[in-house]
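Colleague: Supplied in structure tokens, the structure appears directly below.
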Amino acid sequence: GAVVSQHPSWVICKSGTSVKIECRSLDFQATTMFWYRQFPKQSLMLMATSNEGSKATYEQGVEKDKFLINHASLTLSTLTVTSAHPEDSSFYICSAMTGGDEKLFFGSGTQLSVL
Amino acid sequence: AQSVTQLDSQVPVFEEAPVELRCNYSSSVSVYLFWYVQYPNQGLQLLLKYLSGSTLVKGINGFEAEFNKSQTSFHLRKPSVHISDTAEYFCAVRAAGNKLTFGGGTRVLVKP
């Protein structure tokens, strides 16, 4: 099946710094990508929908200025957590949708720990 | 809006025993239904999906699920589990806009 690469898989940063997470579709073009957040032992919560070449659509309650999403190409979307704080520590997962058949494939996730 | 309820947060089961994970959903429109598995510190892997047609859907790793429209359920089953089936399982629905709504997850712990 299609492969979605998410990098880094694990990152520790100091409070107040910014962290960028990349999500790449390796063997298909993804016009739409999704970003999720998952707290320990909880479900995935959709943060935003990212469409190539346009602004991301954020879910209610998600701060767009804090979680910057860029989808500059058909194979790459990035999530930047700006001025990270300990409460931003979480597991972030991206997914990418194929074009015609609209199948979804998930990245392996990024564990962010903010000290 | 859609919602998904997974009735069991944790299911302990002995190896080679059957398991059923319950999932109920609510939606005012037709939806597609999915089951995903998540191993520790990993992303999600699709087990199976229901889009249309036969209500009994077979997936990977011996899992199957049955769509019941009248009961708005999509329960997942496996007749004989292995230790390697220990993981978190998520039921999800997808309606307009292609957004997935996930249930709270069910942690399956297979005991030897």
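The values are calculated or read from the model by the stated rules, or taken from the named source; none is laboratory data. The model shown is predicted, which means the values in this text are computed figures rather than measured ones. Please note: Cβ atoms are built from the backbone with ideal geometry, for glycine as well, and neighbour counts cover all protein chains shown. Just the protein is used for accessible areas: all its heavy atoms, side chains included, with ligands, DNA and RNA removed. Shrake-Rupley method; radii C 1.70, N 1.55, O 1.52, S 1.80 Å.
Colleague: All but one of (1) assigned to a strand (DSSP E or B); (2) open to solvent by less than 80 Å² (accessible area, probe 1.4 Å); (3) out of contact with any Leu (no Cβ under 7 Å at 6 or more places or on another chain) hold for A:GLY53; state the number of the condition that does not hold.
Modeller: (1)
Colleague: Please enumerate the residues belonging to region B:6-28 that are open to solvent by 70 Å² or more (accessible area, probe 1.4 Å) and either β-branched (Val, Ile, Thr) or within 14 Å of another protein chain (Cβ to nearest Cβ) (or both).
Modeller: Within region B:6-28, B:LEU7, B:SER9, B:GLN10 qualify.
Colleague: Let me ask something additional. Restricting to region A:10-30, count the residues that are under 13 Å from A:CYS94 (Cβ atoms) and either modelled with pLDDT under 90 or open to solvent by less than 20 Å² (accessible area, probe 1.4 Å) (or both).
Modeller: 4
Colleague: Which residues, taken from region A:92-111, are more than 15 Å from A:GLN29 (Cα to Cα) and surrounded by fewer than 20 Cβ atoms within 10 Å (Cβ to Cβ)?
Modeller: Listed by number, the residues that qualify are A:SER108, A:GLN111.
Colleague: Determine, yes or no, whether A:LYS64 is in contact with a strand residue (DSSP E or B) (Cβ under 6 Å, 6 or more places away or on another chain), assigned to a loop (DSSP other than H, G, I, E, B) and open to solvent by 50 Å² or more (accessible area, probe 1.4 Å).
Modeller: For A:LYS64, the condition - in contact with a strand residue (DSSP E or B) (Cβ under 6 Å, 6 or more places away or on another chain), assigned to a loop (DSSP other than H, G, I, E, B) and open to solvent by 50 Å² or more (accessible area, probe 1.4 Å) - is met.
Colleague: Does A:SER95 qualify as being under 23 Å from B:ALA95 (Cβ atoms), within 14 Å of chain B (Cβ to nearest Cβ), part of a strand (DSSP E or B) and within 15 Å of the chain's Cα centre (by Cα)?
Modeller: Yes; evaluated as a whole, the condition is true for this residue.
Colleague: So, one more: From the list B:VAL37, B:VAL110, B:VAL93, B:VAL31, which residue is surrounded by 17 or more Cβ atoms within 10 Å (Cβ to Cβ) and over 16 Å from the mean Cα position of the chain (by Cα)?
Modeller: Going through B:VAL37, B:VAL110, B:VAL93, B:VAL31 in turn, the sole match is B:VAL110.
Matching residues to (1) within 26 Å of A:PHE34 (Cα to Cα); (2) more than 13 Å from chain A (Cβ to nearest Cβ); (3) touching an Asp or Glu at 6+ places or on another chain (Cβ under 7 Å):
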| residue | (1), (2), (3) |
| --- | --- |
| B:LEU56 | no, yes, yes |
| B:GLU64 | no, yes, no |
| B:GLN71 | no, yes, no |
| B:HIS75 | yes, yes, yes |
| B:VAL81 | no, yes, yes |
| B:VAL93 | yes, no, no |
| B:GLY104 | yes, no, no |
| B:ARG107 | yes, no, yes |
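Colleague: Name the residues in region A:91-103 that are of a type outside the set (Val, Ile, Thr) and either free of Cβ contacts under 8 Å to residues at least 24 places away in the same chain or closer than 10 Å to A:TYR36 by Cα (or both), would you?
Modeller: A:PHE91, A:TYR92, A:CYS94, A:SER95, A:GLY100, A:ASP101, A:GLU102
Colleague: With the condition kept exactly as written, say whether any residue in region A:31-42 is part of a loop (DSSP other than H, G, I, E, B), in contact (Cβ under 8 Å) with a residue 60 or more places away in the chain and open to solvent by 20 Å² or more (accessible area, probe 1.4 Å).
Modeller: Yes, the conditions are met somewhere in region A:31-42.
Colleague: Please verify whether A:HIS7 is out of contact with any helix residue (DSSP H, G or I) (no Cβ under 7 Å at 6 or more places or on another chain) and surrounded by 16 or more Cβ atoms within 10 Å (Cβ to Cβ), treating the condition exactly as stated.
Modeller: No, not satisfied.
Colleague: Within region B:53-75, does at least one residue satisfy the condition of being in contact (Cβ under 8 Å) with a residue 60 or more places away in the chain, buried (at least 16 other Cβ atoms within 10 Å of the Cβ) and part of a strand (DSSP E or B)?
Modeller: No, that holds for no residue.
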